[in-house]
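Undergrad: Before we start, here is the structure in question, set down as structure tokens.
The values are calculated or read from the model by the stated rules, or taken from the named source; none is laboratory data. Computed from a prediction, not measured in an experiment: that's the story for all the values here. Don't worry about glycine lacking a Cβ; one is built from the backbone with ideal geometry, like all the others, and counts go over all protein chains shown. To get the accessible areas, we keep the full protein, side chains included, count just its heavy atoms, and leave off ligands, DNA and RNA. Shrake-Rupley method; radii C 1.70, N 1.55, O 1.52, S 1.80 Å.
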Amino acid sequence: MQKGNIGVTTENIFPVIKKFLYSDHEIFLREMVSNAVDATQKLKTLKEKGDFKGELGDLTVHIALDTDKGTITISDRGIGMTEEEIDKYINQIAFSGVSDFLEKYKDNANNIIGHFGLGFYSSFMVSKKVEIITKSYKDGAKAVKWSCDGSPAFEIDDAERDSRGSDIILHIDDDCKEFLDKQKIEELLQKYCKFLPVPVAFGKKTEWKDGKQVETAEDHIINSVEPLWTKTPSTLKDEDYKSFYRTLYPMHDEPLFWIHLNVDYPFNLTGILYFPRIKSNLDITRNKIQLYCNQVFVTDQVEGIVPEFLTLLHGVIDSPDIPLNVSRSYLQSDREVKKISTYITKKVADRLKAIFNEDRKAYEQKWDDLKLFINYGILSEKDFYDRAKDFSLFKDTEGKYFTFEEYQKLIEPVQKDKDGTLVYLYATDKEEQYSYIKAAQDKGYSVLLFDGQLDVPAIQTFEQKFEKSRFTRVDSDIIDRLIVKEDAQKTSLSDGERDNLSAIFQSQVPQMEKSEFLVEVDALGEDARPVIITQNEWMRRMKEMSRYQSGMAFYGQMPDSFNMVLNSDHRLVKEVLSSLNTELSDTLKPIEAEIKGQEARLAALNQQTEKKKPEELTQAEKDDKANTQKAIDEQNEKKQSVLSGFAAKNAVVHQLIDLALLQNGMLKGEALDKFLKRSVDLIK
């Protein structure tokens, strides 16, 4: 028997491992099974080279759970170890000082294990004692047993083992009893070992017999040793890819299509990436790509390897060039990993372009699902627009699809304003904005449909990339001001009439939470609607972008600002003005005369004192100005009261306002009920 201490620079290695790897302690099973697979793969390599003459036989790795003894045993028939090899690979740990260990790696178990070669020692995260019974494949080798109780002290003794390979026996600690649960072990094996290249068995298969599930003699193999991504693409059919997708994501819809990655220079990378069917909600679809290293699961947090916009994809990436025990900071800084990221982006772009070129009609049918990926890439990846512009599409409100170049040629003859800027009109909801779309189409304009989650945020990029172009939502202004061809027609109303009309309608606009209305008067033509509500393009766009960019949250807090445009050419607006002049002329004349008189007096006072500094004004001059302004304010309030009183009793004013609100989906509750009753009364 040999006794000794493990070669470490600190006495308390195991308490440190236990404490600081505890949050990631489930990876112990991955490490143990991976070691067993490695030992098996090494034996297969020796056999291929002729260095091992014996029979390989059954190479299945077995995991056995004994709840009575409180043990988990991982058994393989790989190369095994001699006593000298145990001393070399198990007893000597290249371990730096404990202070460095704690300071640098305390938050990342994967990093600790990878950095210090502690894969085997992760077993002590869950074990109070670990035993190795092993026998080397070498001729004449004897079986040996190594044991350690969680202190640096170990023992090596002779043992009995019929065949080559190793049994790792973990005596599970009292505070880790959850790992003695069969369902828990099955779950971890499915997570980490589902695609290992050597069969891994856990327990026996079961069958339904005599009204209950009973074990059979056949091993329950938990993994697929040749997953789809390891196979040659030319040997696979569409159904193979779809079936594998269902294996990975049993509850998901069928994917749009997929990309089979297979490269061996300048790095090794295989995998299959699927485009899932998603139209919105970026967050719930993330972290579906599984990262493997030689078929061993590493993580599904792949932001450092896959460009951000492609984290929406599903599937598998496998690369031996990415360490099994890897930290996120490593992924973000490693040069090889960045090459992989660039390669994946190029491969995705090439695949999309090929599909577009091969079958444009099929591509167009998938566009509504695809555009979220494309727009996300355009927004988040600096150079992706240049790759994507050839296979990105615009869809108009008629359901027709265009490349960027095709659409530019379509609208160029009719949608340039008087300054030569090409104006792209768009709607976000075909039904809600129907009348605005119809008005634009009646002018001969085309309207795009931007109803995807990232359609509007992508506009800013399009405006930067397209030469002398701007995008405007079709309801952001009256039709003649969306694309200004010539100087606008001016209304024939006097300033006073415009002010009175604005005041009448402004007084009756309902108060809405987080909404503001500015009433203006314009000549829109006799056939245009009497009242139109529009919303400023720039302000609305800022508010929409604030949902996705935290630095723009300020805009999200601001109220929605709407313009209510009164059409002075429409007969109903003219009737309101005529009624106003008839009913209020005698009442308003003296008020307006008094306002004009007081405003003239204030102007004269200001002219007399314009050369004086504020501190040089006499008290009498200050009082005179203040009293005159007060008189103006009082008369304006009086005038406003008269106009409001008239408007409150005028059913047409209310009806026109409510019709405009109704058209924009803003008339609800009590206001909608009043509108319906008023409508019936007006019909009478």
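Undergrad: Which residue pairs have Cβ atoms closer than 6 Å, lie 6 or more positions apart in sequence or on different chains, and pair a first residue in the range 36-54 that is closer than 21 Å to Gly140 by Cβ with a second residue that is in a helix (DSSP H, G or I)?
TA: Cβ pairs passing all conditions: Phe52/Leu46.
Undergrad: Sticking with this structure for a sec: Across the range 401-431, which residue is modelled with the highest pLDDT among those that are open to solvent by 40 Å² or more (accessible area, probe 1.4 Å) and in contact with a helix residue (DSSP H, G or I) (Cβ under 9 Å, 6 or more places away or on another chain)?
TA: Tyr401
Undergrad: Would you confirm, using the coordinates I've provided, whether Asp369 is open to solvent by less than 20 Å² (accessible area, probe 1.4 Å) and at pLDDT below 90?
TA: The answer is yes for Asp369.
Undergrad: Find the residue count for the range 222-260, including only residues that are hydroxyl-bearing (Ser, Thr, Tyr) and within 24 Å of Gln41 (Cβ to Cβ).
TA: 5
Undergrad: Given the structure, is Leu370 closer than 17 Å to Phe466 by Cβ and of a type outside the set (D, E, K, R)?
TA: no
Residue-wise test of (1) outside any strand (DSSP E or B); (2) closer than 27 Å to Asp300 by Cβ; (3) more than 36 Å from the chain's Cα centre (by Cα); (4) without any contact (Cβ under 8 Å) to a residue 12 or more places away in the chain.
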| position | (1), (2), (3), (4) |
| --- | --- |
| Leu170 | no, yes, yes, no |
| Leu188 | yes, yes, no, no |
| Lys204 | no, no, yes, no |
| Tyr245 | yes, yes, no, no |
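Undergrad: Could you tell me whether the range 210-225 includes any residue that is without any contact (Cβ under 8 Å) to a residue 12 or more places away in the chain, assigned to a helix (DSSP H, G or I) and not basic (Lys, Arg)?
TA: No: zero hits.
Undergrad: Here's another thing I want to ask about it. If only one of Val263, Val306, Val316 is in contact with a Leu (Cβ under 6 Å, 6 or more places away or on another chain) and hydrophobic (A, V, I, L, M, F, W, C), which one is it?
TA: Result: Val263 is the single residue among Val263, Val306, Val316 that is in contact with a Leu (Cβ under 6 Å, 6 or more places away or on another chain) and hydrophobic (A, V, I, L, M, F, W, C).
Undergrad: Test Glu254 against the stated conditions and say whether it is open to solvent by 70 Å² or more (accessible area, probe 1.4 Å), touching a residue at least 12 places away in the same chain (Cβ under 8 Å) and more than 30 Å from the chain's Cα centre (by Cα).
TA: No.
Undergrad: What's the total number of residues in the range 257-283 that are open to solvent by less than 30 Å² (accessible area, probe 1.4 Å) and in a loop (DSSP other than H, G, I, E, B)?
TA: 4
Undergrad: Looking at this structure, is Thr285 hydroxyl-bearing (Ser, Thr, Tyr) and at pLDDT below 85?
TA: yes
Undergrad: Follow-up. Sort through Gln453, Gln460 and tell me the only one that's in contact (Cβ under 8 Å) with a residue 24 or more places away in the chain, crowded, with 17+ Cβ neighbours inside 10 Å and under 29 Å from Leu312 (Cα atoms).
TA: Gln453
Undergrad: Just checking: which of the helices (runs of 4 or more DSSP H) contained wholly in the range 550-661 hold 2 or more residues that are open to solvent by less than 40 Å² (accessible area, probe 1.4 Å) and over 30 Å from Asp681 (Cα atoms)?
TA: 571-609, 619-648
Undergrad: Sort out which residues of the range 662-684 are more than 25 Å from Asp429 (Cβ to Cβ) and outside any helix (DSSP H, G or I), and write them in order of number.
TA: The answer is Lys684, and nothing else.
Undergrad: In the list Leu170, Leu196, Leu228, Leu236, which residue meets the criterion of being farther than 23 Å from Ile27 by Cβ and buried (at least 20 other Cβ atoms within 10 Å of the Cβ)?
TA: Leu228
Undergrad: How many residues does the range 494-514 contain that are open to solvent by 30 Å² or more (accessible area, probe 1.4 Å) and in contact (Cβ under 8 Å) with a residue 12 or more places away in the chain?
TA: The number of residues fulfilling the criteria is 9.
Undergrad: Another question, if that's okay. Out of Lys596, Lys674, I need the residue that is modelled with pLDDT of 90 or more and of a type in the set (Lys, Arg). Which one?
TA: Lys596
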